[in-house]
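Okay, structure first, notes after.
The values are calculated or read from the model by the stated rules, or taken from the named source; none is laboratory data. All values reported here derive from a predicted model rather than from experimental measurement. Note that each Cβ is placed from the backbone with ideal geometry, even for glycine, and that neighbours are counted across all protein chains shown.
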Amino acid sequence: MSFKEGFYWGGATAANQCEGAWNEDGRGPAETDMLTAGSNHSPRMLTYQMPDGTTGAIPRTGGKLPEGAKLAVLDGYYYPNHDGIDFYHHYKEDIALMAEMGFTMFRMSISWSRIFPRGDEIEPNQKGIEFYRNVFKELKKYNIEPLVTLHHFDTPLYLEENYDGWNNRKTIEFFDRYAKVCFEEYKGLVKYWLTFNEINNTVMFLELFGDKATKEGYQRAYQQLHYQFIASAHAVKMAHAIDPDYHVGCMICGITFYPGTSDPKDILLNRHAWEKNIFYCGDVQSKGKYPTFAKRLWKEQDVQLDITKQDEQDLMEGCVDFYTFSYYMSTVVTTHAIEDKVGGNFSMGAKNPYLKYSDWGWAFDPEGLKYYLEMIYDRYEKPLMVVENGLGAVDKVEEDGSIHDDYRIEYMRDHIKEMGNAIDNGVDLIAYTSWGCIDLVSAGTGEMKKRYGMIYVDKDDEGNGTFERRKKDSFEWYKKVIQSNGKII
């Protein structure tokens, strides 16, 4: 397999799932800090307080806050993101372990509210700036290239509650200020940046949570996306002006869609699924303009967007330099009655009888990754990175402390093999950062038992544990993969 010299190997995390220290050193809250733990069958809850002091909780997906309610941290609830895996205090130890594995790239995110606690301040929080500077210096010490996401589902809560977040054009201005500070402060320490994590989820998840798939829901979602597209374009242009060596990419939740039958209605539905869920965001950020099918999508939901001539110019001038995506599974779409449904964490639709599924309902489909890589590279002809990929599973710690995760090795091996096949077929793939290289809090369920890492963290679903780090079998396996540049898998 032809992984070229200089291919980046590593792992990926997100601040809100691993960092912890949610209210230390001046950091402000984000909505993710108000999320309780859940499970595969019970939702994570958002807790709130009313002006009269009464409290309650609503499901994160499908719930609606009572009028006048404010999100709040309450006694009697467990909030797993508050501590995460305490990367904030363990980052030197964690980076040393990554270096031992041979990482040449580490994908991480900056918590916006650690830099600007409310989001609308003029001056940033210096302690937040210094924390990330120290992390980047530690990575550079081991010759690990940071890949830094500016926005990973963690808009400061103050902006959400006082400005209506990304439904307000003014939030672009606040993001511009935040991005500018990051680009200026970390010049020479960071080369690769991503703007918005899995930006397409804003629309894609509407149908997953059916009560939000209303015309009003689509209006808000498409308008949020537009403002984020503008903010992303501003960031690209700003980054290039501050440092010509900066490279800025988009980040898409990558899912390969298949038609359920050969019925022409299913074939057309599959094409429309790709357009709406994958190409819509990729086209705007990679080509600098809305695709022709956008008019059909807007018309279907009576969407009227606030788009200015300046916006159109900004999009064209702020095309990303490279395209990155997550890939965990494929899915099936059909116009016919579904007999065997997928049921799990952020997954839906018909089960594919030709594929295996994880305990969380995700299809095991390595060839779907190759399909996606070839489809996307043909469309955009920009360098690609797979920046999230991995298997969430329950790991058992043996009496001697060892963790035999052959299932994770099998999953990663088969996906790396298909990446190599895509490269051999002409795809310019330049990096692979497996998701949750160190165990962290699940975004979907808030669990710790759904583990992705090659490094085990001693913490359970109730928050108990020592936070001790321990190597799994996959640690040594991945080390050999990296040392051989993908030749030994």
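One residue alone among V181, V190, V148 is among the hydrophobic types (A, V, I, L, M, F, W, C) and under 18 Å from the mean Cα position of the chain (by Cα), and that residue is V148. Only one entry of Y186, Y222, Y258, Y227 meets the criterion of being in contact with a strand residue (DSSP E or B) (Cβ under 6 Å, 6 or more places away or on another chain) and modelled with pLDDT of 95 or more, and that entry is Y258. Can you confirm whether K187 is within 20 Å of W298 (Cβ to Cβ) and basic (K, R)? No, not satisfied.
The number of residues in the stretch 408-450 being touching a strand residue (DSSP E or B) at 6+ places or on another chain (Cβ under 6 Å) and among the aromatic types (F, W, Y) comes to 2.
For first residues located in the stretch 76-94 and under 19 Å from K140 (Cβ atoms), partners that are β-branched (V, I, T) and crowded, with 20+ Cβ neighbours inside 10 Å and lie 6+ apart or on another chain with Cβ distances below 6 Å form the pairs Y91/V135; D94/I438. Output yes when any residue across the stretch 238-260 is at positive phi and either without any contact (Cβ under 8 Å) to a residue 40 or more places away in the chain or surrounded by fewer than 19 Cβ atoms within 10 Å (Cβ to Cβ) (or both), and no when none is. No, every residue in the stretch 238-260 fails to be at positive phi and either without any contact (Cβ under 8 Å) to a residue 40 or more places away in the chain or surrounded by fewer than 19 Cβ atoms within 10 Å (Cβ to Cβ) (or both). Of the residues making up the stretch 172-179, none is among the basic types (K, R), part of a loop (DSSP other than H, G, I, E, B), surrounded by fewer than 21 Cβ atoms within 10 Å (Cβ to Cβ) and touching a residue at least 40 places away in the same chain (Cβ under 8 Å).
Of the residues D266, D211, the single one that is at pLDDT below 95, assigned to a helix (DSSP H, G or I) and surrounded by fewer than 21 Cβ atoms within 10 Å (Cβ to Cβ) is D211. Restricting T202, T195 to residues that are touching a helix residue (DSSP H, G or I) at 6+ places or on another chain (Cβ under 6 Å), under 23 Å from S113 (Cα atoms) and not in a helix (DSSP H, G or I) narrows the list to T195. Residue count for the stretch 333-351 satisfying the condition of being closer than 30 Å to P383 by Cβ and at pLDDT 85 or above: 1. The residue pairs whose first member lies in the stretch 26-46 and is free of Cβ contacts under 8 Å to residues at least 40 places away in the same chain, whose second member is aromatic (F, W, Y) and assigned to a loop (DSSP other than H, G, I, E, B), and whose beta carbons are closer than 8 Å, counting only pairs six or more residues apart or on different chains, are M45/Y77.
Residues of the stretch 41-66 that are more than 20 Å from G217 (Cβ to Cβ), in a loop (DSSP other than H, G, I, E, B) and of a type outside the set (D, E, K, R): H41, S42, M50, P51, G53, T54. Summed over the stretch 186-208, residues that are crowded, with 19+ Cβ neighbours inside 10 Å and among the acidic types (D, E) total 1. Among the residues of the stretch 423-467, those that are under 15 Å from G84 (Cβ atoms) and among the β-branched types (V, I, T) comprise I438, V441, T445, I455, V457, T466. For the stretch 455-474, filtering for residues that are within 23 Å of the chain's Cα centre (by Cα), under 21 Å from E399 (Cβ atoms) and not polar (S, T, N, Q) leaves 5. If you go through the stretch 422-444 and keep only what is assigned to a loop (DSSP other than H, G, I, E, B) and of a type in the set (D, E), you end up with D428, D439.
For the condition touching an Asp or Glu at 6+ places or on another chain (Cβ under 8 Å), touching a residue at least 60 places away in the same chain (Cβ under 8 Å), closer than 28 Å to T149 by Cα and not in a strand (DSSP E or B), K382 qualifies.
When G28, G84 are checked against the criterion of being closer than 19 Å to F131 by Cα, touching a Pro at 6+ places or on another chain (Cβ under 6 Å) and surrounded by 16 or more Cβ atoms within 10 Å (Cβ to Cβ), a single residue qualifies: G28.
For the stretch 99-131, the set of residues classified as buried (at least 23 other Cβ atoms within 10 Å of the Cβ) and out of contact with any Lys or Arg (no Cβ under 8 Å at 6 or more places or on another chain) consists of F103, M105, F106, R107, M108, S109, I110, W112, I115, G119, listed by residue number.
Considering the conditions (1) touching a Pro at 6+ places or on another chain (Cβ under 8 Å); (2) part of a loop (DSSP other than H, G, I, E, B), H336 is excluded by exactly one of them, (1).
Restricting attention to the stretch 269-318, the residues that are surrounded by 13 or more Cβ atoms within 10 Å (Cβ to Cβ), among the acidic types (D, E) and either within 28 Å of A350 (Cβ to Cβ) or in contact with a Leu (Cβ under 8 Å, 6 or more places away or on another chain) (or both) add up to 2.
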